[in-house]
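Engineer: I'd like to ask some things about the structure below.
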Amino acid sequence: MPLCMFALRITGDIETTRDTVQNAFIAAWERTDQIDNLKAYMYLAVRNAAIAAAGHTARHYDMAHAELDDVPQEDIDTSERDARLWKAIDSLPERCREIFLMSKRDGMSYHDIALELDISEKTVENQISKALKKLRGDGSLSGYTYIWLLPFL
Amino acid sequence: MKDKFEESLSFVVRYYKRGALRPTMLFVAPNRWRRLAVAASIGFGIIVASACVYLLTVHEPVTDSIQDTTAPVASTPAEAPEKVSRRIKFDDAPLADVVEEIEKVYGVKVTPVADNDTTRLTLSYEGNAADLLDTINELLGTDLKLENTPKADTEK
């Protein structure tokens, strides 16, 4: 999944990303005996394949990194963060996700969303803050549970 | 950290599509479906094979037609009467009765036997009249023969 996010940053297109990553996996499968570090290898393979597929115009990726021998750790971290967020959005309740995307992706104001869905602005606000809490929280879940437990100790 | 979060968020939100990137499906699915197809075809093959075996073993005994001794003789046998194979059984039967029975069952004529003949026969036999007579002759030391005028009717 992080690999997909990584590829997506380069290609900017989900279909291309899917094909690229799948092919990279299959190609790697055939030479697992030659690979020492699978993770590093996969990131490298996917990067090169994605660049080839995207045609040298990476939309959300620093092309200066494209020439390096290895994929920098920060890029790997970014892709893992992206993957966490994607999964978190996936796990949001239907309604919540809808409202959240309308705000963050479509840039609609709370007011407009409320009108569109025929609900109160307060509801919109609640849903979005719930969503954000979940999205942030998934990254550092242990921290949140620790804080929650404190009163009981 | 906050900037990175925001950056990631805006990127993901922009491209997010529900169900577009199911992680496990990407790599496992082709193999899983192939494995499923292989397993299904093997299972099917086993069922077909066992069905064939079953049909063959059940079918075999039926090919030989076994006739009961009490069944009336067939009216028009395709082969010569003495060649028709029948199953016949004698239990301590006097020779005269044996001959009578053979004539009835096989629709043939046999060397007549005196009614006071004391020879008795116990035999279960399956075969044609000619062979049967040969066997009886061997067992009892008799000399029964098929007469060349086969019986046209079943009456005796």
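The values are calculated or read from the model by the stated rules, or taken from the named source; none is laboratory data. For clarity, every value in this text was computed on a predicted model and none was experimentally measured. Neighbour counts are summed over all protein chains in view; Cβ atoms, including those assigned to glycine, are modelled from backbone coordinates with ideal geometry. For the accessible areas, the whole protein counts, side chains as well, though only heavy atoms, and no ligand, DNA or RNA atoms are used. Shrake-Rupley method; radii C 1.70, N 1.55, O 1.52, S 1.80 Å.
Engineer: Is it possible to state the helix-based mean residue ellipticity at 222 nm for chain A, with each DSSP H run of 4+ residues giving -39500 (n - 2.57), the sum divided by total residues, to the nearest 500 deg cm²/dmol? What is it? Spell out each step's value before the answer.
Structural biologist: On the way: 8 runs with 106 residues, N = 153.
Rounded to the nearest 500, the figure is -22000 deg cm²/dmol.
Engineer: Just how far, in whole angstrom, is region A:103-123 from region A:41-73 if you go by their alpha carbon centroids?
Structural biologist: Value for the Cα centre distance between the two parts: 37 Å.
Engineer: Can I ask one more? Normalised by the residues of chain A, what does the relative contact order come to in percent, with Cα pairs under 8 Å and at least six apart?
Structural biologist: Value for chain A: 23 percent.
Engineer: Would you mind getting the accessible area per residue of region A:1-90, heavy atoms of the protein chains only, 1.4 Å probe, in Å²? Provide the component values of the computation, followed by the final result.
Structural biologist: Working: 4540 Å² over 90 residues.
I get 50 Å² per residue for region A:1-90.
Engineer: What are the equivalent ellipsoid semi-axes of region B:81-147, built from the alpha-carbon gyration tensor (square roots of five times its eigenvalues), in whole angstrom, biggest first?
Structural biologist: Values: eigenvalues 55, 32, 23 Å².
Sorted largest first and rounded, they come to 17, 13, 11 Å.
Engineer: Give the interface area between chains A and B as buried accessible surface, both sides summed, probe 1.4 Å, in Å² to the nearest 100.
Structural biologist: Working: alone 10180 and 12240 Å², together 19590 Å².
Accessible area lost upon association: around 2800 Å².
Engineer: If I compute solvent accessible area with a 1.4 Å probe over the protein chains, what percent of it on region A:37-128 is carbon and sulfur?
Structural biologist: Numbers: 2360 of 4950 Å².
Carbon and sulfur together cover 48 percent of it.
Engineer: Next question. So which residues of region A:3-17 lose at least 30 Å² of accessible area, probe 1.4 Å, when you go from the chain by itself to every protein chain present?
Structural biologist: By number: A:C4, A:L8, A:R9, A:I14.
Engineer: Solvent-accessible area of A:M42, probe 1.4 Å, all protein chains present, reported in Å² to the nearest ten, please.
Structural biologist: Approximately 10 Å² of A:M42 is accessible to the 1.4 Å probe.
Engineer: Going from most exposed to least, what order do B:K109, B:K83 have by accessible area with a 1.4 Å probe? If you can, show how the numbers build up before the last one.
Structural biologist: Details: B:K109 75, B:K83 120 Å².
Reading off the accessible areas and sorting them downward yields B:K83, B:K109.
Engineer: Further question: So if we plug the beta-carbon distance of A:D90 and A:D69 into 1/(1 + (r/R0)^6) with R0 = 45 Å, what FRET efficiency do we get, rounded to 0.05? Don't jump to the answer; show the numbers that get you there.
Structural biologist: Working: r = 34 Å, r/R0 = 0.76.
Efficiency, from the Cβ-Cβ distance: 0.85.
Engineer: Around A:T20, with a cut-off of 11 angstrom between Cβ atoms, what is the net charge of the other residues, counting Lys and Arg +1 and Asp and Glu -1?
Structural biologist: Values: positive: A:R18, A:R47; negative: A:D13, A:E15, A:D19.
Around A:T20, the charge tally is -1.
Engineer: If DNA, RNA and ligands are ignored and the probe is 1.4 Å, what is the ranking of A:D13, A:D82, B:D3 by accessible area, most exposed first?
Structural biologist: My answer, sorted largest first, is B:D3, A:D13, A:D82.
Engineer: Taking every Cα atom in chain A, find the radius of gyration and the maximum pairwise distance Dmax, and write them in Å.
Structural biologist: Taking only Cα atoms of chain A, I get Rg and Dmax of 19.5, 59 Å.
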